[in-house]
């Protein structure tokens, strides 16, 4: 009886690599999908950051005395682009810091675009309108890239937590990837006043 248990344990131990190698490759593929999805998120945020100097300069030409708004946008852009995150060092705290900086930039951009309402000549400026359309398109691309990242992370995190993968995923360095969290302002319904 003891011999049977020992043989069963040895057989199970010897078969573990067979199970792990079959699933190991799919975990690598899923991890690469997460990494590629994160790279696309960064790519779209970089596109947005690249548009901002042109937008600021266009507004500056029409509304130079709105210097505090222009400064806030410039500072928020600098802060958002200073956070360097790669897929390898992506964790909950780093992602939260990155997301906070991007949120601050979004708020600063909203303020900048609101300034245009007070300047009809600026709103009519072709460069400003083009930049505004590009920025809107970029925001849509950011949302799409974040959605794809979220899906890739969900599939990956689920795969490493399923049995029997959960037993050996940690041995091979597969750890959960962080998800984007909703902004605090998204937790409450917007107030509409007429």
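None of the figures in this text is laboratory data; all of them are computed from the coordinates on show. It should be emphasised that the depicted structure is a prediction, and the values quoted were computed from it without experimental measurement. So basically every Cβ, Gly included, is an ideal-geometry build from the backbone, and we count neighbours across all protein chains shown.
Residues 98, 163, 180, ranked from the fewest to the most other C-beta atoms within 10 Å, line up as 163, 180, 98.
Looking at region 82-154, the pairs of alpha carbons with a distance over 18 Å make up 55% of the total.
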